[in-house]
1. Failed condition for Ser93, given (1) part of a strand (DSSP E or B); (2) among the polar types (S, T, N, Q); (3) surrounded by 15 or more Cβ atoms within 10 Å (Cβ to Cβ), with all others met?
2. For segment 57-82, how many residues are closer than 22 Å to Val104 by Cβ and either among the charged types (D, E, K, R) or more than 26 Å from the chain's Cα centre (by Cα) (or both)?
3. Quick check on segment 165-182: of everything there that is surrounded by 15 or more Cβ atoms within 10 Å (Cβ to Cβ) and under 18 Å from the mean Cα position of the chain (by Cα), which residue is modelled with the highest pLDDT?
4. Filter segment 96-117 down to residues that are β-branched (Val, Ile, Thr), touching a residue at least 24 places away in the same chain (Cβ under 8 Å) and surrounded by fewer than 11 Cβ atoms within 10 Å (Cβ to Cβ), then give me how many there are.
5. Filtering segment 30-42 down to residues that are within 19 Å of the chain's Cα centre (by Cα) and under 18 Å from Ala147 (Cβ atoms), which residue is surrounded by the fewest Cβ atoms within 10 Å (Cβ to Cβ)?
Amino acid sequence: MTGSNVDEMQKATLIKRSKRVAFMNVGTSEEPSYVRMQGFTSMSESKSPTEYSRQYVDENTERTDVVGYATQIAYSFDRHSPFSVHEKLAQISDDELTGSDAHVDIVTVDLFSDGSQKEARKRTYAVIPDTTGDGTDALIYSGNFRAVGEAVKGVASSSDKWQTVTFADSTQEIGTLTVSTAAGTGSGNTKVTVSPELTEGNKYKYANADGLEQPAYDEDVSVLTDWDGEADIKMATGETIMIVECTQDNKARKAGTGEVTAAV
């Protein structure tokens, strides 16, 4: 979140609504593209908890527990065109789409959380349109996003100042690679051996691990350097190398580090 706990109000920082930002997938489930949901004048979440209340015969006070949620988000936006998020929602409303055709994936990101990777939750919602054209100025769409299943906790990262994000599921742990090195062929080169063997369809990436955190499962590692799994790598003895096994679209699956031994 925002660092260590502070129990004095005057030492705490007020969190602005603008620091919780939502991104909608306007791509596909195989190749998601999470675009910032801009132009919304309302996006308030209601948990709508389901309560279980009862009174036991030996007690004078009723007990209540929360046993479920029917989470929904009331939305309203001024239509902008062309803008992929608005176009997708407008199509659902205007064409009166039903079933899974009216589902959208939304990632909610807490920009006030610490680190370059921000706390995030991904969830599928059914779009429940309400009104279109309310008002005489902008073309306004409104309705509700209603939860379809549970939210998935993870982390979000961005390379374009939070206009788009990539989401990594933190509930799925990344696999472990065992990385060993030996002097390679030619001065300054190291030969790297990795186990277990590369999963069919995946590929390797590498980086100098000094100052880097191990990626989360499904994190985008496209900034790392490609490695064919065989060629010597030029690094200095004593440095730490990180090898990442990832999918062809650069989503991390396994990772490991090892101390470099390079040829003199």
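1. (1)
2. 3
3. Here the residue is Val165.
4. 0
5. Within segment 30-42, the match that is surrounded by the fewest Cβ atoms within 10 Å (Cβ to Cβ) is Met37.
The values are calculated or read from the model by the stated rules, or taken from the named source; none is laboratory data. Computed from a prediction, not measured in an experiment: that's the story for all the values here. All Cβ positions, even for glycine, are placed from backbone atoms using ideal geometry, and neighbour counts span all protein chains on display.
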